Amino acid sequence: MGYQHKLTLEPKSSDHGNCILLEIRESNATGPHALDITRYRLTIDTAEALAGMLDDALDEAADRRARRATK
């Protein structure tokens, strides 16, 4: 059947290491937009804050799965 929607994130350092370049690709198998690409230039502080938020969300998801498994 294949995919209907795909989200790809590609972070990389800038040439001088002063910021993080983040490219987000959103692919759709149906609809009027086959591919949307958004690019961000993040400061190091912003990238670290986002990484921390993702880490916190992953920890919370793991805790919830563990609680559900013990019920």
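The values are calculated or read from the model by the stated rules, or taken from the named source; none is laboratory data. All values reported here derive from a predicted model rather than from experimental measurement. Glycine also receives a Cβ, built like all others from the backbone with ideal geometry; neighbour counts cover every protein chain displayed. Note: accessible area is taken over every heavy atom of the protein model, side chains too, but ligands, DNA and RNA are not part of it. Shrake-Rupley method; radii C 1.70, N 1.55, O 1.52, S 1.80 Å.
General observations
- Residue-normalised accessible area of the chain, given per residue in Å² at a 1.4 Å probe: 86 Å²
- Charge tally in the Cβ shell below 12 Å around L9, where Lys, Arg are +1 and Asp, Glu are -1, L9 excluded: +1
- Taking Cα centre as origin and charging only the Cβ of basic (Lys, Arg, +1) and acidic (Asp, Glu, -1) residues, the dipole magnitude of segment 4-70 rounds to 340 debye.
- Evaluated over the Cα positions of segment 4-70, the convex hull gives a direction-averaged projected area, one quarter of its surface, of 6.3 nm².
- Surface composition of segment 4-70: carbon plus sulfur atoms contribute 53% of the solvent-accessible area (1.4 Å probe, protein chains only, all chains present).
- With the charge dipole of the chain set up from +1 on Lys and Arg Cβ and -1 on Asp and Glu Cβ about the Cα centre, the Cα lying farthest toward the positive end among the listed residues L54, A34, H16 is that of A34.
- For the chain, the mean residue ellipticity at 222 nm estimated from helices alone is -13000 deg cm²/dmol, where every DSSP H run of n ≥ 4 contributes -39500 (n - 2.57) and the total is divided by all residues, rounded to the nearest 500.
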